[in-house]
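S.K.: Let me begin by handing over the structure; questions about it come next.
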């Protein structure tokens, strides 16, 4: 698993929230190369008073609908793969549910194989069946 | 401190939520070896629409009651100690409040001694009184 | 961006919550040296049942109003700078909104330049315009 935390504006429809989750997950599968079933996402809704952010830092014109995406994942993906992932996420979310590319902020935090338990008290990524980590950007 | 974030299904009783906190804390104390008073836990409740996860990835049959546990802690525990910790957490939560072992997902994120302030503006783990980090699995 | 997560007691006024955000941000700017516009904060409110923590661990006398501050930021600040930052945060929050220094707990998690996208699908910190990382404590 990557574990994905999505923090978005309160009041969005279920379809909107799930489209955000879908778009991020498809980018993780298609670009980062995680297994399609490796989906673990938590969505939190926050009122505008509780989401405080600059509206143009680094020349990005952010609106009230900015979504924050925090992803914990295993160490080892190269910078070029992460860049390709960011591009894909904003493409996917622009297509559905129609989020402006400026309104998608993403932060990654890396950890180790021993740092994951997917259930049953096991550390599955230490086993022989752990999925490999893609290191090349897909064509 | 480890800082423990527990994300669980909305609508659980106070007793259930506290039993989850207790079971995780006791595993941290008994296996990881943190001091008994080193307890810092934040529980967040999420509706089913906002917890999206696969129901059988890595051959773990998850139910609607899956609990996500995210723990920030100091770097240095070996993989075997983490594995023993995961086993103890699911044992504890199976005993009380009665959570299926398949329904406990755990993610660790490590940081450094300088990355903690427990209050008063101090970096307590840089001091001589910082608790040691256990590196052997307890018998 | 650092990304700042503030977890505090439910029921505080908007002015209180924003003062917490302001005090943390000013400490980040003045001590850590981030650009003034580099502000990204998410505030979460939790009832007392969902914030479980020891009341005197490490000789810090915590009250019901303890605030947890989790900050993701780029790797590279030395320990002395982090210590100066913790001191400044508690000074700022004591001044406004009047939080006891004992009631401010801070945890940092570091990551890499490639781990940030501030919008538009770009990895801005990999570019030539990325802000430098301060390594000396300001006078």
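S.K.: May I ask you to verify whether residue A:130 is surrounded by fewer than 23 Cβ atoms within 10 Å (Cβ to Cβ), within 14 Å of chain B (Cβ to nearest Cβ) and at pLDDT below 95? Walk me through it before giving the result.
M.R.: Numbers: surrounded by fewer than 23 Cβ atoms within 10 Å (Cβ to Cβ): yes; within 14 Å of chain B (Cβ to nearest Cβ): yes; at pLDDT below 95: yes.
Yes: the conditions hold for residue A:130.
S.K.: Of the residues A:108, A:93, which single one is buried (at least 18 other Cβ atoms within 10 Å of the Cβ), within 14 Å of chain B (Cβ to nearest Cβ), under 16 Å from residue A:27 (Cα atoms) and in contact with a helix residue (DSSP H, G or I) (Cβ under 8 Å, 6 or more places away or on another chain)? Reasoning before the result, please.
M.R.: Working: A:93 fails: within 14 Å of chain B (Cβ to nearest Cβ).
After ruling out the rest, the residue left standing is A:108.
S.K.: Taking residue C:123, is it over 13 Å from the mean Cα position of the chain (by Cα), more than 9 Å from chain B (Cβ to nearest Cβ) and buried (at least 19 other Cβ atoms within 10 Å of the Cβ)? Lay out the reasoning, then the answer.
M.R.: On the way: over 13 Å from the mean Cα position of the chain (by Cα): yes; more than 9 Å from chain B (Cβ to nearest Cβ): yes; buried (at least 19 other Cβ atoms within 10 Å of the Cβ): yes.
It is true that residue C:123 is over 13 Å from the mean Cα position of the chain (by Cα), more than 9 Å from chain B (Cβ to nearest Cβ) and buried (at least 19 other Cβ atoms within 10 Å of the Cβ).
S.K.: Is the range A:18-29 home to any residue that is within 12 Å of chain B (Cβ to nearest Cβ), at pLDDT 95 or above, assigned to a strand (DSSP E or B) and in contact with a strand residue (DSSP E or B) (Cβ under 6 Å, 6 or more places away or on another chain)?
M.R.: No, the range A:18-29 has no match at all.
S.K.: Let me ask another. Look at the range B:36-55 and say how many of its residues are within 7 Å of another protein chain (Cβ to nearest Cβ) and outside any strand (DSSP E or B).
M.R.: Total meeting the criteria: 6.
S.K.: Something else now. Checking residue B:10 against (1) at pLDDT below 95; (2) surrounded by fewer than 18 Cβ atoms within 10 Å (Cβ to Cβ): exactly one of these is not met. Which one?
M.R.: (1)
S.K.: Is there a residue in the range C:14-37 that is under 19 Å from residue B:5 (Cβ atoms) and over 10 Å from the mean Cα position of the chain (by Cα)?
M.R.: No.
S.K.: Let me ask you something else. I want to confirm something. Restricting to the range C:71-90 and keeping residues that are surrounded by fewer than 21 Cβ atoms within 10 Å (Cβ to Cβ), under 15 Å from the mean Cα position of the chain (by Cα) and at the interface with chain B (Cβ under 7 Å from one of its Cβ atoms), which single residue is nearest to residue C:25 (Cα to Cα)?
M.R.: C:87
S.K.: Filter the range A:113-137 for residues that are out of contact with any strand residue (DSSP E or B) (no Cβ under 7 Å at 6 or more places or on another chain) and closer than 28 Å to residue C:40 by Cβ and give the result.
M.R.: A:137
The values are calculated or read from the model by the stated rules, or taken from the named source; none is laboratory data. Quick caveat, the model's predicted, so the values are computed rather than measured. Cβ sites come from the backbone with ideal geometry, for glycine too, and all protein chains shown count toward neighbours.
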